[in-house]
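Structure first, then comments.
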Amino acid sequence: MEGIPVNFEETKVQGDASKSAEEDQQFGKPVAVSFKLPDGVEAKHEFKLGHTVEYVKAVIHKEHGFPMNKQRLFFQEREMIDPLSLVDIRGFPESDKTVTVELT
């Protein structure tokens, strides 16, 4: 018995493109964010405006080793609060995206 030919690679590529389009719709287009880290290092990472501050802290922890529960993030001298998304932070979508990371 012969089945229907299926190209799994092609299906995977279509699925990946669909997932990317869904993420763009849900979280927005990517933006580059510069960080001034507590150790004096400056770093850049890409996020989407729909990502939460908590997600940003998780990336900083993963990439730079600073514990999430010790981080305080500041944008234009105002603390960025965990439950907010980047798009919710006043001035963030329109301006230079430089965030200062402090440890408690």
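Can you pull out every residue in segment 43-97 that is polar (S, T, N, Q) and within 16 Å of VAL31 (Cβ to Cβ)?
Matches in segment 43-97: THR52, GLN76, SER85, SER95.
Does segment 58-72 contain at least one residue that is among the charged types (D, E, K, R), out of contact with any Leu (no Cβ under 6 Å at 6 or more places or on another chain), at pLDDT 95 or above and not in a strand (DSSP E or B)?
Yes; the residues of segment 58-72 include at least one that is among the charged types (D, E, K, R), out of contact with any Leu (no Cβ under 6 Å at 6 or more places or on another chain), at pLDDT 95 or above and not in a strand (DSSP E or B).
Is segment 60-70 home to any residue that is in contact with a strand residue (DSSP E or B) (Cβ under 8 Å, 6 or more places away or on another chain), under 15 Å from THR100 (Cα atoms) and aliphatic (A, V, I, L, M)?
So far as segment 60-70 goes, yes, one or more of its residues are in contact with a strand residue (DSSP E or B) (Cβ under 8 Å, 6 or more places away or on another chain), under 15 Å from THR100 (Cα atoms) and aliphatic (A, V, I, L, M).
Restricting to segment 7-55, and then to whatever is of a type in the set (Ser, Thr, Tyr) and modelled with pLDDT of 95 or more, can you tell me which residue is surrounded by the most Cβ atoms within 10 Å (Cβ to Cβ)?
Ranking the qualifying residues of segment 7-55, first place goes to THR52.
Please specify each residue of segment 56-104 satisfying the condition of being among the hydroxyl-bearing types (Ser, Thr, Tyr), surrounded by 12 or more Cβ atoms within 10 Å (Cβ to Cβ) and more than 17 Å from PRO38 (Cβ to Cβ).
Within segment 56-104, SER85 is the sole residue that qualifies.
The values are calculated or read from the model by the stated rules, or taken from the named source; none is laboratory data. Since the structure is predicted, the reported quantities are computational estimates derived from the model, not experimental observations. Cβ: placed from backbone, ideal geometry, glycine included. Neighbour counts: every protein chain shown.
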